[in-house]
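No value in this document is a laboratory result; all are computed from the given coordinates. All of these numbers come straight from a predicted model, not from anything done at the bench. No Cβ is skipped: glycine too gets one built from the backbone with ideal geometry, and neighbour counts run over all protein chains shown.
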Amino acid sequence: MTPDSLRAALRGVPDPDWLDAALHQVAAEPTAITRLFPAVGRRCGRAALPDAPGWTADDAARVLLLTSLPSEHAAYAESLYQHGDAAERRAVLRALPLLPIGAEGVPLLHDAIRTNDTRLVAAALGPYARHLDPAAWRQAVLKCVFSGVPLAVVADLETRADGELAAMLAALAAERHAAGRDLPADATDLLDRLTAALPREA
């Protein structure tokens, strides 16, 4: 999603005038975001957005606030994440790929992936996860499998999944089988695709 598409999807929020004013205020007075960010859920609601599948109004509005900042995006993202509740942290994670911060937000991904909050884990595996190194990314995918996060949320899964991830999934499948349990269906499907793509030994 782009800021423009999120803005369009938010046309029906309960208090559009408040959101417009908040976006203008953040652009002119960046420190205002620390006061406005927590108020979003109350002023814009938390309903799902029909024109932005997978997004809620509070997520989208908070992402727009972050993209409206004129500078210091990484510093504000870190501060809002560290001091925010789960919904605010999720919004920060979803905003990262839209901010001009390079890889500065990677520590926030690592923190989110360490949590047991599946919403944060899912948000951390979005497009910004391209900045994770291969080893950290593979471990994050395994965390999804362990915690029941659908692999459909993992950005670039088909292009980044490799033989090492296949070996990790196979080891996990063996452990689960020994315990009388199976991998989730999406993980089994991924393992089957990766195994089929591996070169066969002579």
So, with +1 on the Cβ of K and R and -1 on the Cβ of D and E, and no other charges, what is the size of the charge dipole of segment 111-168 about its Cα centre, to the nearest 20 debye?
140 debye
Here segment 24-34 yields Karplus 3J(HN,Hα) values (6.51, -1.76, 1.60; θ = phi - 60°; whole Hz; Gly and Pro given as x) of 5, 5, 5, 5, 8, 9, x, 4, 4, 5, 5
Cα→Cβ-extended label distance, 7 Å offset, between ALA86 and GLU29, nm
3.3 nm
Using only Cα atoms and rounding to the nearest 10 degrees, what angle (0 to 90) does helix 185-197 make with the longest principal axis of the chain?
60 degrees
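Assuming 0.36 nm per residue, please report the length gained on full extension of the stretch ASP156 to HIS177 beyond their Cα-Cα distance. Let's see the in-between values first.
Working: separation 21, 0.36 × 21 = 7.56 nm, distance 2.80 nm.
Answer, rounded to one decimal: 4.8 nm.
Quick one: putting +1 on the C-beta of Lys and Arg, -1 on the C-beta of Asp and Glu, what dipole do you get for segment 1-152 around its Cα centre, in Debye to the nearest 20?
Values: 15 positive and 16 negative charges, 90 e Å.
So the dipole magnitude of segment 1-152 works out to roughly 440 debye.
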Could you list log10 I(q)/I(0) for segment 121-202 at q = 0.18 Å⁻¹, which the Debye formula gives when each Cα is one point scatterer?
-0.73
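Using packing as a proxy for protection, rank 32-39, 178-185 so that the peptide with the highest average count of other Cβ atoms within 10 Å comes first.
Working: 32-39: 16.9, 178-185: 10.8.
With the highest mean Cβ count within 10 Å placed first, the list reads 32-39, 178-185.
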Using mean Cβ contacts within 10 Å as the protection proxy, how do 158-165, 56-63 order, highest first?
56-63, 158-165
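Under the 0.36 nm per residue contour assumption, what length would be gained going from the current alpha-carbon distance of ALA8 and SER147 to full extension? All intermediate terms of the calculation are to be shown ahead of the outcome.
Working: separation 139, 0.36 × 139 = 50.04 nm, distance 3.33 nm.
Roughly 46.7 nm would be gained on extension.
Answer rounded, prolate or oblate for segment 41-148, using the Cα gyration tensor with square roots of eigenvalues a ≥ b ≥ c: rounded when a/c is under 1.5, else prolate when a/b is larger than b/c, else oblate. Please report the intermediate quantities before stating the final value.
Values: a/c = 1.81, a/b = 1.24, b/c = 1.46.
Because a/c hits 1.5 or more and a/b fails to exceed b/c, segment 41-148 counts as oblate.
Can you give me the Rg/Rh ratio for the chain, using Cα atoms for both radii and the Kirkwood formula for Rh? Write out the running numbers ahead of the final one.
On the way: Rg = 19.0 Å, Rh = 18.2 Å.
We get a ratio of 1.05 for the chain.
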Between ARG119 and ALA167, what length in nm is gained on full extension when 0.36 nm per residue of separation is reduced by their alpha carbon distance?
14.6 nm
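In the neighborhood of THR2, defined by Cβ-to-Cβ distances under 13 Å, what is the net charge if each Lys or Arg adds +1 and each Asp or Glu adds -1? Write out the running numbers ahead of the final one.
On the way: positive: ARG7, ARG94; negative: ASP4, ASP51.
Surrounding charge for THR2 is 0.
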Provide the per-residue ³J(HN,Hα) series for segment 49-60, in order, calculated from phi with Karplus coefficients 6.51, -1.76, 1.60 and θ = phi - 60°, each as a whole number of Hz, with x at glycine and proline positions.
9, x, 8, 9, x, x, 10, 10, 4, 5, 4, 5
Relative to the longest principal axis of the C-alpha atoms of the chain, give the angle of the C-alpha long axis of helix 86-95, reported between 0 and 90° and rounded to the nearest 10°.
80 degrees
